[in-house]
Amino acid sequence: MTIHITTTREEWLVARLGLLEDEKELTRRSDELARRRQELPWVQVDKEYRFETDEGSAALADLFRGRSQLLVYHFMFGPDYKAGCPSCSAIADGFNGFYLHLANHDVTLTAVSRAPLAKLQAYKARMGWTFPWASSAGGDFNYDFNVSFTEEAQRAGTIDYNYRRGGFVMDALPVTGPVADFAAMSGTDVPTYTRDRPGMSAFVRDNGVVYHTYSTYARGVDGIWGMYPWLDRAPKGRNEAGGPWWRRHDEYEQR
């Protein structure tokens, strides 16, 4: 027998309508936050960033692919990783489906990582992905947008991530648990793994000038993690009492 509350259809409908009012309020609040994101001031990008892409060497402006808006997913794949971060991989699994829709709405979506292009291409082929993925190896892009950090900063505790200083300091890094597990799944150790972090950044090109408009990190990427909106509507929710449960899509048992 279930231990969850059960009821009649009529009583369920009363409860559901009460929840509906809160859902509508959340939708309105979400619309307001989206408007405020779009009203943020723009910051001109003056530095000449270079990337390696499937089409060759590219500037940041080239990543727009002729469109006026660029969304960058900062994918955790450092140069010493053997494979991409499992969490970032779960997020990126959704990109193939909506990349084309965005491209036909004046928005280019691309992933950017510090790993060499050849590593990204091999992993992309393994995962069956077709969205653009650029390497920022050897450049400042990841560091300037606060998703990669030097070993010196890590040791000194001077990492700035998610708009605050601290976290993932060398002396406080976990030796067990999800972070250690994901580091091992990425073929590296915890210090190396945590010198890259997830996030997304938005850019616009206006009259030939590129501006940075928005960045978000950590739980801020939940909104683009496709499986979570579904789980939040499932009977048992995210159901993560035992910790992270996901794997790369080719690592699950076939069911």
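The values are calculated or read from the model by the stated rules, or taken from the named source; none is laboratory data. All of these numbers come straight from a predicted model, not from anything done at the bench. Every residue, glycine as well, gets a Cβ built from its backbone with ideal geometry; the counts of neighbours run over all protein chains shown.
Can you tell me how many residues in the range 13-51 are more than 23 Å from Thr216 (Cβ to Cβ) and either in the same structural domain as Asp144 (by TED's automatic domain parsing) or among the hydroxyl-bearing types (Ser, Thr, Tyr) (or both)?
2
Please count how many residues of the range 193-222 are more than 9 Å from the chain's Cα centre (by Cα) and among the small types (Gly, Ala, Ser).
Qualifying residue count, the range 193-222: 4.
Restricting attention to the range 211-252, and to residues there that are hydrophobic (A, V, I, L, M, F, W, C) and touching a residue at least 60 places away in the same chain (Cβ under 8 Å), which single residue is surrounded by the fewest Cβ atoms within 10 Å (Cβ to Cβ)? Even if it seems obvious, please write down each step before you answer.
Initial filter on the range 211-252 (hydrophobic (A, V, I, L, M, F, W, C)): 218, 221, 224-225, 227, 230-231, 234, 241, 245-246.
Then drop every residue that is not touching a residue at least 60 places away in the same chain (Cβ under 8 Å), which leaves 221, 224-225, 227, 246.
Working: Val221: 18, Ile224: 18, Trp225: 19, Met227: 14, Trp246: 17.
In this case the residue turns out to be Met227.
State whether one or more residues within the range 39-57 are surrounded by 11 or more Cβ atoms within 10 Å (Cβ to Cβ) and farther than 25 Å from Ala137 by Cα.
Checked the range 39-57: at least one residue is surrounded by 11 or more Cβ atoms within 10 Å (Cβ to Cβ) and farther than 25 Å from Ala137 by Cα.
Which condition number does Gly237 fail, the rest of (1) part of a helix (DSSP H, G or I); (2) not assigned by TED's automatic domain parsing to the domain that holds Ile91 being met?
(1)
Name every residue in the range 116-145 that is under 17 Å from Pro86 (Cβ atoms), surrounded by fewer than 24 Cβ atoms within 10 Å (Cβ to Cβ) and among the aromatic types (Phe, Trp, Tyr), in order of residue number.
Across the range 116-145, the qualifying residues are Tyr123, Trp129.
So for the range 49-65 (the condition being under 21 Å from Arg195 (Cβ atoms) and in a loop (DSSP other than H, G, I, E, B)), does at least one residue qualify?
Yes, because at least one residue in the range 49-65 is under 21 Å from Arg195 (Cβ atoms) and in a loop (DSSP other than H, G, I, E, B).
Does at least one position in the range 188-202 carry a residue that is at pLDDT 90 or above, part of a helix (DSSP H, G or I) and either surrounded by fewer than 13 Cβ atoms within 10 Å (Cβ to Cβ) or among the charged types (D, E, K, R) (or both)?
No, the range 188-202 contains no residue that is at pLDDT 90 or above, part of a helix (DSSP H, G or I) and either surrounded by fewer than 13 Cβ atoms within 10 Å (Cβ to Cβ) or among the charged types (D, E, K, R) (or both).
Could you tell me which of the residues Ala122, Ala115 is part of a helix (DSSP H, G or I) and out of contact with any strand residue (DSSP E or B) (no Cβ under 6 Å at 6 or more places or on another chain)?
Only one candidate qualifies: Ala122.
Scanning the range 58-115 for residues that are at positive phi and not acidic (Asp, Glu), which turns out surrounded by the fewest Cβ atoms within 10 Å (Cβ to Cβ)? Walk me through how you get there before you give the answer.
At the first step, the residues of the range 58-115 found to be at positive phi are 65-66, 106.
Keeping just the survivors that are not acidic (Asp, Glu) gives 65-66.
Working: Arg65: 14, Gly66: 9.
That would be Gly66.
Might you check whether a residue that is surrounded by 14 or more Cβ atoms within 10 Å (Cβ to Cβ), under 18 Å from Gly78 (Cα atoms) and within 19 Å of the chain's Cα centre (by Cα) occurs anywhere in the range 168-177?
Within the range 168-177, one or more residues are surrounded by 14 or more Cβ atoms within 10 Å (Cβ to Cβ), under 18 Å from Gly78 (Cα atoms) and within 19 Å of the chain's Cα centre (by Cα).
Run Arg67 past the list (1) among the basic types (Lys, Arg); (2) free of Cβ contacts under 8 Å to residues at least 12 places away in the same chain; (3) assigned by TED's automatic domain parsing to the domain that holds Thr213 and report the number of the one that doesn't hold.
Unmet for Arg67, out of (1) among the basic types (Lys, Arg); (2) free of Cβ contacts under 8 Å to residues at least 12 places away in the same chain; (3) assigned by TED's automatic domain parsing to the domain that holds Thr213: (2).
Looking at (1) in the same structural domain as Met127 (by TED's automatic domain parsing); (2) of a type in the set (A, V, I, L, M, F, W, C); (3) not in a helix (DSSP H, G or I), which is the only condition Ile3 fails?
That leaves (1) as the condition not met.
From the list Phe145, Phe168, which residue is modelled with pLDDT of 95 or more and aromatic (Phe, Trp, Tyr)? Step through it out loud before you land on a result.
Details: Phe168 fails: modelled with pLDDT of 95 or more.
Matching residue, one of Phe145, Phe168: Phe145.
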